[in-house]
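I have placed the structure first, in the form of structure tokens, so that the comments after it can refer back to it.
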Amino acid sequence: MKRYAVLFYLLLIPTSAHAATISGFVTDRSSGEYLLAANVFLIGTSLGALSNDNGFYAITGIPGGSYELVVSFIGYETYRDTLSLGPEAFLRRDVALVPTVLIGDEAVVEAERYRDERLAQPGFVALQAAVLKELPAIGETDLLRSLQLLPGIQASSDISSGLYIRGGGPDQTQILLDQIPLYNPSHAFGFFSIFNPEAIKDMRLHKSAYPASYGGNLGAVLDVTNRDGNRNKLGGSGGISLISMRTMVEGPLASGSFMVSGRRTYLEPVLAYIRSRVEDIPGYYFYDVNAKINQNLSYSDNLVLSGYFGRDDLNLETSEDDLFNVRWGNSAVTGKWTHLFTPTIFGNFMVSGSDYTSRLSANFDGTEILFRNSIRDISFKGDLDYVADGEHALKGGFRASAYRFSFIRSFNQDDQLDLRLKPYVISVYAQDQWQARASTSVRLGLRANYYSERETIDLEPRLSISHRLSEGLRLKAGGGRYHQYLQLITTEGFSGGDFWVPLDESVSPGQAWHYVIGASWDPAPSYRLSLESYYQRLGNLVVVDNTRAVGGDETRSEDVFITGGKGYATGVEAFVERVSGRLTGWIGYTLGWTRRQFPEVNQGKWYPPKYDRRHDLVVSANYRAGRWTFGGNVIYATGQAFTPASARYELRESARTGIREDYFLPADRNTSRLLPYHRMDLSVKQDFRLFDRDLQWYLQVFNAYNHRNEWFVQYETEDDEVTTAEVVKMLPIVPTIGLNYNF
Amino acid sequence: MYKTARLPHWITPVLTAVLLAGVAAHPGCSAERDPATLFGPAERETIVVDAVLYVDHVLPEIIITRTRTADAEATGDATSVNDAEVTVIQGLAEYTYASVGHLGRYLPPAGAPRVRPNTEYRLRVRALGEEVRGVTNTPAPLVIDEIAVLEEPSMEVIRRLDPDSAAGNRIPYQEGLIEVRFDPLDVEAYQVIVLEPDSEDGGSPPLEARDGRLLLPWFAIGSSGEHEVVVYALDRNLFDFLRSVQASGQNAFGFGSLAGDTFERPVFNLDGGIGVFGSASLDSFGFFVIPES
């Protein structure tokens, strides 16, 4: 009953009678893009608001009278206007702010956009396109690899862009692009992410304890937003690297804007040349396309249509009879309508469709092998923002998603696994952003999920509290309950052709409780410091069961997974960041512990998963000197856990021959460690003009001092006598050059 | 919004330089891996049992050895346990095995009976001051009823092979699919081993085949000439060992794991030791593979 009291409480929050309201949208005058988190307030009062994701703001409960309205946003001229409001007036005031950004300061401006969210919500990180492009990278700028440089986020290897956030694997992180879930965010087996840096506007990451507006995953949420497109002038940007070319075009269109971006590898001729001289070189390409159209339908209505299409294709033909093909890709389209119902009620409604297909086929000596996984979902989503009064900002919404899954495994013309499900998930949530005191804000939320396969309703309370101790110094705490209904089956060493399987009635969905407490301190405009401690308790975990008999007619989730797992992740993260000046960057350190336990794994004993890291230190810095920019990353982390061999034993291969075969007996799971991981990346970039165009060339060096970090250990027996334990190493030094351009 | 106090302007570059230098100079940069650290705590002297009972065959030879350290060299007979007390028990009958004296080989007593189907057998091994115990329940007899050659992709039967004689069973390489049909037994899985001339035995992973049908993959055929296909119906112990030892390949890239992270202790179903004490029933057929023209 207590659970429902929260909803009841939300419905009872009063609105102010006999008071005026002012609301509207805040935009960038140069591009027309909506500005998020602009500070709107009335001078001489405690009344104010922040613009939301769509640039909308509303101030309610204003006594009649004359006021000076101020709209400020870092990097823009402050807007001031004198207003006269009647006692029950509703005034619409849209504000277009004039940018004052100097070249090179974009990072500062953008980094500050989410200042209020950062101060209010523990575990929240915002990374902007400008910051992203400054970081040294391998090959080309990559969102997910850049995120791996933040505290609490790790990579499994040099070739993986998978995110391991606060002890959770990639399967526990939800990745959204313009609010559409993407099921496989990787190209090139995880080497690159699918996010074209030219198309990205910004990204928000909730490392844990995420608010009620999100749901469906046990760990983190990465919410990436693509650019809307410039409403005022035609332009674009792009880049050429050693492996791919990318470009983005944006400009005004009718009563709004458009943006189209594309990226494609051009490795085929190189691979074909190598293949003509060396056997077993595959053919490979990937491409992705992003498109967005933004239209103002009326004074209060806006329509956004967006889409993403991407594909990876690897083909290896070693002989007439042997071929191997892996193909995967996401397609997603969405239409979003935003509407201002009243000066205090803002809504957005979305319909989206997403399709993920992964197909691995092989033919060896006439024997065909096929793995095929597809997920299609159609979703309807709605969110309402209601500014009730000066203390309460309510948010509520729903999401209904209908899925169609198929996971087929066929061997030698025999369908060995045929798992098809059509589940649906309906979620509703309500959230109150309550300014309890001038120095204390509380975000209280509740999310309820109905999953058709289980026919139960899972309630998920969410809470975050932020208390200002002094100017710039805040204490934060948060927590919540989370469920996950879809399970990713992947290899952690690389991530191509991942498979998603829904949990049916035979397996309980994973669940987690998150607890976060921390403090943030902004001692000066250029500096941010934060310290956060987290604890996550996980239950009903599953891992794929690799010991199933081949050819089983598995049609239920319990046939595919080892179930009943539990675990925890805990740690402390320290983060120091400098966001302005010639030298920018951060130092992040994480001290963490992660453990898992399954009744059928490791003889039921607790063990650290591979991505358990005791220490993880990252220093990332950029130094700007005129047209030159120098960047560097230094990373140091505890070595990954691995399972060592503890003994050898012999058994006969078969009774017929009596030949004895050697086996290694493993010790307890992950009881040894690889050597500590460390590397340094360097980059140099120079801006210049050519043919009246802004250009930038760059040289990036991944693993600058060529330290071959350890990846995994493999044991081999030579001549049936001597055992060798070979450490397979990760990437050596990798220099890359490229060119970026604007037009 | 902010206090006006600022940190000293030199603090960031100095702090960064110190950290960069410190991390880059960390001893780990030049550390060489001591090979011994790649092995876990040694599990030596654990008794290893190698005993598989085949239905309708006489009690088999049993091998008793012990584990050695993972990095130790194999030296022939060094791991053999030749002085064990090995007993197979069925009902009230106890069959005491005799040591051959080398390679850990133990033979059943003279006149030992054939292994019965659907029967519980127990193993007791006393050696090295330890006692190992295991139990197996033998499967019912396996009888191959039919061998059909199917056309791809229609999967229509285009001809049938003789289960009892290889002489007339001649199949061109990769022409159709060979399907083995039998009455399914109450077992967890089956294993197929293709015996080829001049090559080692290669066993399949455990195959479920609840409908009593198994398709033979052509990649199991490496050469032309006479082949024998043996189908085993596996008891629980043999099934558990085979499925878990194959999944735990120490170098495997299994799904749901990092490279090498499927290295997991197999399921032995033995008390006091490791290895296999299992049983199986089997049937076989032969055929000739005609080379591609």
In nm, give the distance between the simple-model label positions of A:L473 and A:L699, each being 7 Å from the Cα along the Cα-to-Cβ direction.
4.6
Report A:R689's accessible area, 1.4 Å probe, all protein chains in place, as a number in Å² to the nearest 10.
120
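The stretch A:676-717: which chymotrypsin sites (Phe, Trp or Tyr not before Pro) are DSSP loop and have at most 10 other beta-carbon atoms within 10 angstrom? Mind showing how you got there, number by number?
Numbers: sites: A:Y677, A:F688, A:F691, A:W697, A:Y698, A:F702, A:Y705, A:W711, A:F712, A:Y715; in loops: A:F691, A:Y705.
Counting only loop positions with at most 10 other Cβ atoms within 10 Å, the chymotrypsin sites (Phe, Trp or Tyr not before Pro) in the stretch A:676-717 are A:F691.
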For B:D211 and A:V734, FRET efficiency with R0 = 41 Å and r from the beta-carbon atoms, rounded to 0.05?
0.20
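Given R₀ = 35 Å, what would the calculated FRET efficiency be for A:Y741 paired with A:R708, taking r from the Cβ atoms and rounding to 0.05? Let's see the in-between values first.
On the way: r = 35 Å, r/R0 = 0.99.
Working from the Cβ atoms, E equals 0.50.
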Indicate the residues belonging to the stretch A:403-447 that lose 50 Å² or more of solvent-accessible heavy-atom surface (probe 1.4 Å) upon moving from the chain alone to the assembly of all protein chains, ignoring ligands and nucleic acids.
A:N412, A:Q413
Taking a ≥ b ≥ c as the square roots of the Cα gyration tensor eigenvalues, with a/c under 1.5 meaning rounded and otherwise prolate when a/b beats b/c, else oblate, which class fits the stretch B:151-240?
oblate
Please give the helix A:2-12 orientation as an angle from the longest Cα principal axis of chain A, in degrees from 0 to 90, rounded to the nearest 10.
30
Unit charges on C-beta of K, R, D, E only; dipole of chain A, Debye:
2160
Less than 19 Å from a label point 7 Å out along the Cα-to-Cβ axis of A:E268: which backbone N atoms in the stretch A:186-222 qualify, by residue?
A:187-189
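Using DSSP to define loop residues, name the trypsin sites (Lys or Arg not before Pro) in the stretch A:406-510 whose beta-carbon has at most 13 other beta-carbon atoms within 10 Å.
On the way: sites: A:R409, A:R420, A:R437, A:R443, A:R447, A:R454, A:R462, A:R468, A:R474, A:K476, A:R481; in loops: A:R454.
Here no trypsin sites (Lys or Arg not before Pro) fit, given the DSSP loop and packing criteria.
How many square angstrom of accessible surface are buried between B and A, both sides summed, with a 1.4 Å probe and rounding to 100?
8200
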Pop a pseudo-label 7 angstrom from the Cα along the beta-carbon direction at both A:A96 and A:V442 and give the gap in nm to one decimal.
4.2
Cross-link reach from A:K233 to lysines, straight Cα distance under 29 Å and at least 8 residues apart if same chain, gives A:K133, A:K201, A:K292, A:K336, A:K685
Please list, in order along the stretch A:459-465, the HN-Hα scalar couplings obtained from phi with the Karplus expression 6.51 cos²θ - 1.76 cosθ + 1.60 (θ = phi - 60°), rounded to whole Hz, x for Gly and Pro.
9, 10, x, 9, 8, 9, 10
Helix-only mean residue ellipticity at 222 nm for chain A, each DSSP H run of n ≥ 4 adding -39500 (n - 2.57), per residue, nearest 500:
-1500 deg cm²/dmol
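Evaluate peptide A:578-587: per residue, the Cβ atoms of other protein chains within 10 Å of its Cβ; return the mean as an integer.
On the way: counts 6, 0, 0, 3, 2, 4, 1, 2, 1, 4.
Mean partner shielding for this stretch: 2.
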Assuming a ≥ b ≥ c are the square roots of the Cα gyration tensor eigenvalues, decide whether the stretch A:130-207 counts as rounded (a/c under 1.5), prolate (otherwise, with a/b larger than b/c) or oblate.
rounded
Each residue of B:145-153 has, on average, a number of other protein chain C-beta atoms within 10 Å of its C-beta equal to 1
Mean separation of Cα contacts under 8 Å (6+ apart) over length of chain A, as relative contact order %
10
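Full extension from B:R124 to B:D83: what is 0.36 nm times the residue separation minus their Cα-Cα distance, to one decimal in nm? Please report the intermediate quantities before stating the final value.
Details: separation 41, 0.36 × 41 = 14.76 nm, distance 1.37 nm.
Taking 0.36 nm per residue and subtracting the Cα distance, the gain is 13.4 nm.
Sorted by mean Cβ packing within 10 Å, highest first, what order do the peptides B:208-218, A:724-734 take?
Values: B:208-218: 19.1, A:724-734: 15.3.
With the highest mean Cβ count within 10 Å placed first, the list reads B:208-218, A:724-734.
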Global geometry of the protein assembly as shown, whether rounded, prolate or oblate, following the gyration tensor of its Cα atoms and the 1.5 cut on a/c
prolate
Share of antiparallel DSSP beta bridges in the protein assembly as shown, in percent to the nearest 5?
95
If the reach is capped at under 24 angstrom between alpha carbons, list the lysines near A:K729, excluding any in the same chain fewer than eight residues apart.
A:K610
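Between A:F349 and A:D559, what length comes free when the chain is fully extended (0.36 nm per residue of separation minus the Cα-Cα distance, one decimal in nm)? Please list the in-between numbers first.
Numbers: separation 210, 0.36 × 210 = 75.60 nm, distance 3.83 nm.
Extending this stretch completely gives an extra 71.8 nm.
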Residue-averaged beta-carbon neighbours from other chains (10 angstrom radius) around A:526-534:
1
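Sorting check: for A:167-179, B:111-123, which peptide has the highest mean count of neighbouring beta carbons within 10 Å, and how do the rest follow? Before the final figure, lay out the partial values.
On the way: A:167-179: 23.5, B:111-123: 15.5.
Output ranking for A:167-179, B:111-123: A:167-179, B:111-123.
How much length is gained if the chain between A:R275 and A:H615 is pulled fully straight, taking 0.36 nm per residue apart and subtracting their Cα-Cα distance, in nm to one decimal? Walk me through the numbers on the way to the answer.
On the way: separation 340, 0.36 × 340 = 122.40 nm, distance 4.25 nm.
Additional length available on full extension: 118.1 nm.
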How many nm is it between the label spots at A:D81 and A:Y424, if each spot is 7 Å from the Cα in line with the beta carbon?
4.4
Filtered GluC sites (Glu not before Pro), the stretch B:139-192: DSSP coil and at most 14 other beta carbons within 10 Å:
B:E151, B:E156
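The values are calculated or read from the model by the stated rules, or taken from the named source; none is laboratory data. Since the model is a prediction, treat every value here as computed from it, not as a measurement. All Cβ positions, glycine included, derive from the backbone under ideal geometry; neighbour counts span all protein chains shown. Side chains included, ligands, DNA and RNA excluded: accessible areas come from the protein's heavy atoms. Shrake-Rupley method; radii C 1.70, N 1.55, O 1.52, S 1.80 Å.
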